[in-house]
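Peer 1: I have a structure here, written as structure tokens, and I will follow up with some questions on it.
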Amino acid sequence: MRTVWHITKRIVLYIFLTSASIVMSFPLFWMISSSFKTLEETNSPGIILWPAHPTLDAYIAIFKNIDFLRSYFNSVFYTSLSLIGTLASVAVVAYAFSRVKWPGRNVVFFLMLSTMMIPPQALLVPQYVFFNKLHWIGSFNPIVIPGFFAGGAAMIFLLRQSMAQIPVELDESAFMDGANHLQVFWEIILPLVKAPLAIVSTFLFVGLWNSLLAPLIYLQTISLYTLPVYVSTLYNINSAVQPWPTIMTAAVLTTVPLMVVFFIAQRYILEGVVISGLKG
């Protein structure tokens, strides 16, 4: 009786999870489907799940669009620089909070965590005034350089907690062998927190790649637009007929790097979850 109940419960669970997965993946399916439709099919009043005659016209047209290609390059350039700078600075700050003892460390850590309570929208005006005085408006500086100064208290907290779980004896033995903090950080600590680093890198990449507000405010030049800004300009509110195939094609191509990064990092993400579960 218990075996039958156990099997029934698993079947119900699988049915529920499969149904939830289908519902959650429907927007992705609709986006891909619409990218293969004609302009008439995407603007028709009825619901067309899949085009009668799939076409690659939207993909061919968008790859010939210089603005799209430039925006793609801008996104890769901006995301790569910001990710490298933010990840390096966050890791260094997390090491300082977790492995180095210095006066006022806990107070500064508390103040840093307190910044998480400040809404990002409340900082838009003072940040814009500050960057304008530096004559950075209309360049990548306002969205790239701040990342080199440890932007992201949540990411610092996550890495700090992971580094704090590593035995201090490893540091002490390394110092006795003549190592310094830089060597301990690079050769001992970082290899032991690969899974948390992968999680932080994934979160940072998704946030940077999908960022719309900051590039829209600070870039202000078509030649500097990133992909989210470019895709948003394709929708014309004054037009009755929208170029949905082009919009959906651009959205699909924007999503591809996110999926690739997730599939690459998923092993480390699952490893981090398993390690956290075992330690918990």
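Peer 1: What shape does region 162-280 have by the C-alpha gyration tensor, where a ≥ b ≥ c are the square roots of the eigenvalues, rounded means a/c under 1.5, and otherwise prolate means a/b greater than b/c and oblate the rest? Working shown, then result.
Peer 2: Values: a/c = 4.39, a/b = 2.50, b/c = 1.75.
In terms of gyration-tensor shape, prolate.
Peer 1: Which whole-Hz couplings ³J(HN,Hα) result when phi for each residue of region 219-224 is put into the Karplus expression 6.51 cos²θ - 1.76 cosθ + 1.60, θ = phi - 60°, listed in order with x for Gly and Pro?
Peer 2: 6, 6, 9, 4, 5, 9
Peer 1: Could you check which residue among Ala214, Ala20, Ala52 shows the biggest mean-square fluctuation in a GNM of the chain with a 10 Å Cα cutoff?
Peer 2: Ala20
Peer 1: Quickly estimate the mean residue ellipticity at 222 nm for the chain, helices only: each DSSP H run with n ≥ 4 gives -39500 (n - 2.57), and the total goes over all residues, rounded to 500. The partial results should precede the final answer.
Peer 2: Working: 14 runs with 194 residues, N = 280.
So the calculated ellipticity at 222 nm is -22500 deg cm²/dmol.
Peer 1: Can you put Leu216, Leu87, Leu227 in order, fewest other beta carbons within 10 Å first? Could you put the intermediate results ahead of the total?
Peer 2: Numbers: Leu216 15, Leu87 19, Leu227 27.
If I rank by nearby Cβ atoms, fewest first, I get Leu216, Leu87, Leu227.
Peer 1: How do Glu41, Glu187, Glu169 rank when sorted from fewest to most other Cβ atoms within 10 Å of their own Cβ?
Peer 2: Details: Glu41 19, Glu187 11, Glu169 8.
So the residues, fewest neighbours to most, are Glu169, Glu187, Glu41.
Peer 1: So what J values fall out for region 32-38 if you push phi through Karplus, 6.51 cos²θ - 1.76 cosθ + 1.60 with θ = phi - 60°, rounded to Hz, Gly and Pro as x?
Peer 2: Those phi angles translate into 5, 4, 5, 5, 9, 8, 8 Hz.
Peer 1: Something else now. Enumerate the calculated ³J(HN,Hα) couplings along region 50-60 in order (Karplus 6.51 cos²θ - 1.76 cosθ + 1.60, θ = phi - 60°), each rounded to whole Hz, writing x wherever the residue is Gly or Pro.
Peer 2: Taking θ as phi minus 60°, the curve returns 9, x, 5, 10, x, 10, 9, 4, 5, 5, 5 Hz for region 50-60.
Peer 1: Take the chain, drop everything but the C-alpha atoms, weight them equally and run the Debye formula without solvent; then report log10 I(q)/I(0) at 0.13, 0.14, 0.15 Å⁻¹ to two decimals.
Peer 2: Treating every Cα as an identical point scatterer, log10 I(q)/I(0) equals -1.06, -1.14, -1.21.
Peer 1: With 10 angstrom as the radius, rank Ile156, Ile247 by how many other C-beta atoms surround their C-beta, starting from the fewest. Before the final figure, lay out each step's value.
Peer 2: Values: Ile156 24, Ile247 20.
Ascending Cβ contact count within 10 Å gives the list Ile247, Ile156.
Values quoted throughout were computed directly from the atomic coordinates according to the rules given, and no laboratory measurement underlies them. Values in this document were obtained by computation on a predicted structure and should not be read as measured data. All Cβ positions, even for glycine, are placed from backbone atoms using ideal geometry, and neighbour counts span all protein chains on display.
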